[in-house]
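Data first, discussion second: the structure below is written as structure tokens.
Coordinate-derived values only; no laboratory data. All figures in this text were calculated on a predicted structure; none of them were measured in a lab. We place every Cβ from the backbone using ideal geometry, glycine too, and count neighbours over all the protein chains shown.
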């Protein structure tokens, strides 16, 4: 019988704890930069722009980040990334205290911060098979993924409480501190040297090799990338930009309200992770993934009817988002396990960077389009449209037999 103790060795435990601390701080910052820009400018388009600045690095550097994760020690890449983000996040409250934090300066800091995040994520995802003792990678991925879900809930629920006590800007100090803790735990990880990445060949050649792999050797990965990109284009912009606009401009809510609403994502995703461990078998991952994408879209549609639903709109939003979030682990964990199962480890950094590009890169386009669209259409209308669009992406994958039958 597989137990938590047999799955989580010393190295995975350090990775989990370090990521829980830093991602708790990250969840606060993700919320805080959106709300800060909305307060500084009052502009929906600028709110979309700051979210665009956070996701643009994945478009520009995401693929090369995967090459680096396959060529250089992944632990070193993670340490460099966290160290840089510690100083960058710390600069936000320092500049604000000197009245130097303009919308443009904030956007530049956010852009550089998430450039280093684009280096961190492929290295973290591809280091897992190197430090995991057990062979049940699906359960390992689910437990590691639970780091983000738990930290999202803890961070945002905590932010909702802290906002009522100390205000918005001090929250950035907490995030900077969490990166310092993460650095300590990453330093404690011991990666077996015998399976460290090699350093031969040029970056561009390695990148071309990654493209050749998905185009000529395994087209299923290409389809996963395309479906992932399309789904995130529909979903992520309204999820990131639309929610604060609804809360601030339609319901006259506060940053504290925003934090509590967003925390329902983390709670739902955390609870659903345990269902992933119990329900998903190695023989049905493709079906679960496509079904979850359909669920992803369907459960966003009710947000378009909040103004006519009975009861308190804030309570209704929390309930709808909680239900929606239950499907997210079935997408993220299943997709990660599929990559671990069908892609050679020496290629995984590049493939994970392509997935990261598909997820975050298309999100950058989505948030920019959503911010502009919100100047002309109501967010309720946008939510209905993107819900049906996201459903279509899951149905598209289900109709392709080799994708539906991925194991």
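The label point for residue 305 and the one for residue 284, both projected 7 Å from the Cα toward the Cβ, are 2.9 nm apart. Listed from fewest to most Cβ neighbours within 10 Å, the set 226, 68, 101 follows the order 226, 101, 68.
Go ahead and run the numbers for FRET between residue 385 and residue 83, Cβ-Cβ distance against an R0 of 35 Å, rounding to 0.05. The pair residue 385/residue 83 has a calculated efficiency of 0.25. Here each label is just a point 7 Å from Cα along the line to Cβ, and for residue 249 and residue 102 those points are 2.3 nm apart.
Placing dummy labels 7 Å off each Cα toward the beta-carbon, the span from residue 95 to residue 377 is 3.4 nm. Based on the alpha-carbon gyration tensor of the range 3-130 and its eigenvalue square roots a ≥ b ≥ c, which shape applies: rounded if a/c is under 1.5, prolate if not and a/b is larger than b/c, or oblate? Here the range 3-130 falls in the prolate category.
Neighbour counts of other Cβ atoms within 10 Å put 315, 393, 299 in the fewest-to-most order 315, 299, 393. Peptide packing for 285-293, 177-185 was compared via the average number of neighbouring C-beta atoms within 10 Å per residue; ordered from the highest value, the list is 285-293, 177-185.
State the extension gain, in nm to one decimal, for the chain segment bounded by residue 342 and residue 9, taking 0.36 nm per residue of separation less the distance between their alpha-carbons.
Details: separation 333, 0.36 × 333 = 119.88 nm, distance 2.38 nm.
Residue separation times 0.36 nm, minus the Cα-Cα distance, leaves 117.5 nm.
When each of 350, 335, 219 is scored by the number of other beta-carbon atoms lying within 10 Å, the sequence from fewest to most is 219, 335, 350.
What is the calculated FRET efficiency for residue 190 to residue 399, with r their C-beta to C-beta distance and R₀ = 35 Å, to the nearest 0.05? Intermediate values should be presented prior to the final figure.
Working: r = 45 Å, r/R0 = 1.30.
The computed FRET efficiency comes out at 0.15.
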